[in-house]
Amino acid sequence: MKSIAIIYGSSTENTKRAAEKIADRLAEYAPTLVDIYDGDEQPFLTHDMLIMGVSTWGVQDLQDDWNDFYPKLEKLDLTGKTVALFGMGDASIYPSSFVDAIGILYEIVKEKGATLVGQVSPEGYDFEYSRALVDNMFVGLPLDDDTEPELTDERINAWVEQLKPYLREGVPSS
């Protein structure tokens, strides 16, 4: 079984709650929950799979704690790591930058050599543009607790099931 760190930044507790729900659904894998506020790079180095959660603030902005950590992230080598991304956004107020922060994290972790998993179809989401949309797929799980909180649990459940094959030893992560 691969070791998992669920690393999140949360200003309003929405991303933290989503991280806790993901951790609950992955309890059999004993994931470690990490608040990026602490600024610790160790979980990036010691875990096989990194599930990273971020919220988008304004237009193309990372949540404050991720923004503060970003210079450290730029220095990490994530070769050999499997990364899955999730994030909060508000498609009704920010339809032209919906979950852009997922896209920002995607770009840096890809550049740093990580293997990314957990893409999600944009079907069922109502938005105009997202930096997290690559090749007509979201590069991670978008959640909108502001406009569609009733869909959060269902979306998390489906996404976690999609990730489970990557959590077993011997399963290629590409």
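Any read-out appearing in this document is the output of simple, stated calculations on the displayed coordinates, not a laboratory observation. Because the structure is a prediction, the values reported are computed rather than measured. Please note: Cβ atoms are built from the backbone with ideal geometry, for glycine as well, and neighbour counts cover all protein chains shown.
Taking the Cα-to-Cβ direction at GLU161 and at LYS72 and moving 7 Å from each Cα, how far apart do the two end points lie in nm?
About 3.6 nm separates the two model spin labels.
What percent of all Cα-Cα pairs in the chain falls into each 10 Å bin, going from 0 up to the bin containing the maximum distance?
11, 44, 37, 8, 0
Taking only DSSP H segments of four or more residues, each worth -39500 (n - 2.57), what value at 222 nm results for the chain once the sum is divided by all its residues, to the nearest 500 deg cm²/dmol?
Mean residue ellipticity, 222 nm, calculated: -8500 deg cm²/dmol.
Suppose we look only past 20 Å in the calculated P(r) of region 96-174. What percent of the Cα-Cα pairs does that tail hold?
Percent of Cα pairs beyond 20 Å in region 96-174: 36.
Based on the mean of other Cβ atoms within 10 Å per residue, sort peptides 128-137, 2-11, 108-117 so the most packed one is first.
Sorting 128-137, 2-11, 108-117 by mean packing, highest first, produces 2-11, 108-117, 128-137.
Out of every Cα pair in region 1-70, what percent are spaced more than 19 Å from each other?
Summing the P(r) of region 1-70 above 19 Å gives 31 percent of all pairs.
Which length gain, in nm to one decimal place, applies between MET1 and LEU45 when the Cα-Cα distance is subtracted from 0.36 nm times their residue separation?
14.2 nm
With only Lys, Arg, Asp and Glu charged, each at its Cβ (+1 for the first two, -1 for the last two), find how big the charge dipole of region 64-148 is about the Cα centre; round to the nearest 20 debye.
Magnitude of the dipole: close to 600 debye.
Does anyone have the angle between helix 152-163 and the longest principal axis of the chain? Alpha-carbon axes, 0 to 90°, nearest 10?
It works out to around 40 degrees.
Mind telling me which of THR56, THR46, THR82 comes out most flexible in a GNM of the chain, alpha-carbon contacts under 10 Å?
Taking springs between Cα atoms under 10 Å, the residue moving most is THR46.
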